[in-house]
Amino acid sequence: MNAPATHDLLQRFSAIRRQIHARPELKFEEFETAELVANELKALGVDEVHTGIGGTGVVGVIRGREPLGANALCKAIGLRADMDALPMTEKNSFAHASPHAGKMHACGHDGHTAMLLAAAQLLVNDRDFAGTVHLIFQPAEEGGGGAKAMIDDGLFKRFDCDQVFAIHNWPGLTEGSFGFNPGPMMASSNQFEILVKGKGAHAAMPHLGIDPVLVASHLIQAFQTLVSRTTKPVDAVVVSVTQVKAGEAVNVIPDQCQLKGTVRTFSLEALDKIEDAMQRICDQLPAAFGASAELRFERQYPPTINHPQSTEQAAAVARGLAGANKVIFPIEPTMGAEDFAYMLLERPGSYIFLGNGDLSGPHREAGHGLGPCALHNPSYDFNDSLIPIGARFWHALAHALLKPA
């Protein structure tokens, strides 16, 4: 069967992408999107379609026609796309803009889903590979830990993979270029909340109270020393206090103050040190003022750490497909977070950036809002020209890793 032309891939799957964009669904609510994906996979002729994995996750199974030799690199690989939208209100005014306040595809998951569906068509049409490709459509990447939910629901027990890969569009990177890093690609994401307890008093008589706002200010300054004096200079760590809440009246010293913020690291070792140090500071520093502090530290996504061999293999495919000038290796990692990290804790693999183009969004039609075309921006829209590029990369990667031996 002949492979579809780039124009045909773009026309069909950009329409699907825009349909998904116009009907955004938040984490673990991707019922309509999951149904659309399952129906498309069935229409394309994949061998198996499984739904309801980890809530609303979908897995399509495509088997190659070639015999699997004893020396095959892989017996099965997983290709993952995320499906959920963000709790944001869209400012675009084109025809496929979200009509729902507080729901928008502002990170390109609609494009990732369409890209993997397009890859399914290519792989169904060209089964000259050995082994199995698992197409993983994941819910709840945006803060829901959908990858972990699918794993906990038996993803890799039911659909075993020797390696697993994911692509994320990357605005600001040249359109159609690829970025790889054989190590940390994205940081861990963690949140903390601290309740500082003092003793309220009249603002004119501070000696009668214990000022929790003053204590909180010392905590904030102490936390800024953690990066410079607790972790290795070569470890990338960010500690940010982003909220300070206290009091109701300007002439009253409150009896408590709340701090909130985030911690980002590229390693679990650095994260352990930061959490331990924050706990120690909260236990000891407020006591010097006669106050106390309670720390609640929530570990969210672990760092996304690529496996070197898988990353080298994927980069080689990209060079053959797009040319060496379109491959950045290594690319600078980012302090953003990604729950594909959970899959990379279970299986070797790589998380890949695919350039979405200029931040100003010249790929977009008239009708988009103001501002840069950056991720998590209310004027964001996915660059549809990436759909055939990403699909052909998935197709080439599957054939490279699932060679008959």
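Every number here is computed from the coordinates shown, using simple stated rules; none is lab data. Keep in mind that this is a model prediction, so the values were computed, not measured. Cβ atoms come from the backbone with ideal geometry, glycine included; neighbour counts cover every protein chain shown.
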Subject >> Degrees separating the helix 6-22 axis from the principal Cα axis of the chain, which is the longest one >> reply: 40 degrees
**OP:** Name the residue, out of Ala270, Ala322, Ala203, whose mean-square fluctuation peaks in a Gaussian network model built on the chain with Cα pairs under 10 Å.
**Re:** Ala203
**OP:** Note down the magnitude of the dipole of the chain about its Cα centre, charges +1 on Lys and Arg C-beta and -1 on Asp and Glu C-beta and zero elsewhere, to the nearest 20 debye.
**Re:** 440 debye
Original post:
Give or take rounding to whole Å, what are the principal axis extents of the alpha carbon atoms in segment 180-273, in descending order?
Top reply: 58, 23, 17
Original post:
How big is segment 45-91 in terms of Cα radius of gyration and Dmax, in angstroms?
Top reply: 16.4, 54
**OP:** Compute the acute angle (0 to 90°) between the alpha-carbon long axis of helix 31-44 and the principal axis of greatest extent of the alpha-carbon atoms of the chain; round to the nearest 10°.
**Re:** 20 degrees
**OP:** Only Cα pairs under 8 Å and at least 6 apart count here; give the relative contact order of segment 190-299 as a rounded whole percent.
**Re:** 41 percent
Subject >> Estimated [θ] at 222 nm from DSSP helical runs (n ≥ 4, -39500 (n - 2.57)) normalised by residues in the chain, nearest 500 >> reply: -10500 deg cm²/dmol
**OP:** Let me know the charge dipole size of segment 190-299 about its Cα centre in debye, to the nearest 20, where only the beta-carbon of Lys, Arg (+1) and Asp, Glu (-1) is charged.
**Re:** 140 debye
Original post:
Is there a pair in Lys27/Lys260; Lys75/Lys157; Lys42/Lys157; Lys326/Lys403; Lys103/Lys260 whose C-alpha atoms are over 19 Å apart, and which pairs would that be?
Top reply: Lys27/Lys260; Lys42/Lys157; Lys326/Lys403; Lys103/Lys260
Subject >> Charge dipole of segment 190-299 about the Cα centre (unit charges at C-beta), most positive-ward option of Ile194, Ala291, Leu214 >> reply: Leu214
Original post:
For the chain, what proportion of DSSP beta bridges, expressed in % and rounded to the nearest 5, is antiparallel?
Top reply: 65 percent
Original post:
Please state the relative contact order of the chain as a whole percent: Cα pairs under 8 Å, 6+ residues apart?
Top reply: 25 percent
**OP:** Over segment 1-146, consider all pairs of different Cα atoms and compute the Kirkwood hydrodynamic radius from their mean reciprocal separation; express it in Å, one decimal.
**Re:** 15.9 Å
**OP:** Find the percent of Cα-Cα distances in segment 74-202 that exceed 20 Å, and round it to a whole number.
**Re:** 62 percent
Original post:
Can you list the lysines whose alpha carbon is less than 18 Å from that of Lys273, not counting same-chain residues fewer than 8 positions off?
Top reply: Lys232
Original post:
Counting Lys +1, Arg +1, Asp -1, Glu -1, what net charge surrounds Ile151 among other residues with beta carbon under 15 Å of its beta carbon?
Top reply: -3
Original post:
Against the longest alpha carbon principal axis of the chain, how many degrees, from 0 to 90 and to the nearest 10, is the axis of helix 109-125 turned?
Top reply: 20 degrees
Original post:
Which aspartates and glutamates have a Cα lying under 20 Å from the Cα of Lys148, excluding residues fewer than 8 positions away in the same chain?
Top reply: Glu25, Glu29, Glu30, Asp82, Asp84, Asp160, Asp162, Glu298, Glu338, Asp339, Glu346
Original post:
Which residue, chosen from Ala341, Gly320, Val252, occupies the Cα position most advanced towards the positive end of the dipole of segment 246-357, where the dipole is computed from +1 (Lys, Arg) and -1 (Asp, Glu) charges on Cβ about the Cα centre?
Top reply: Gly320
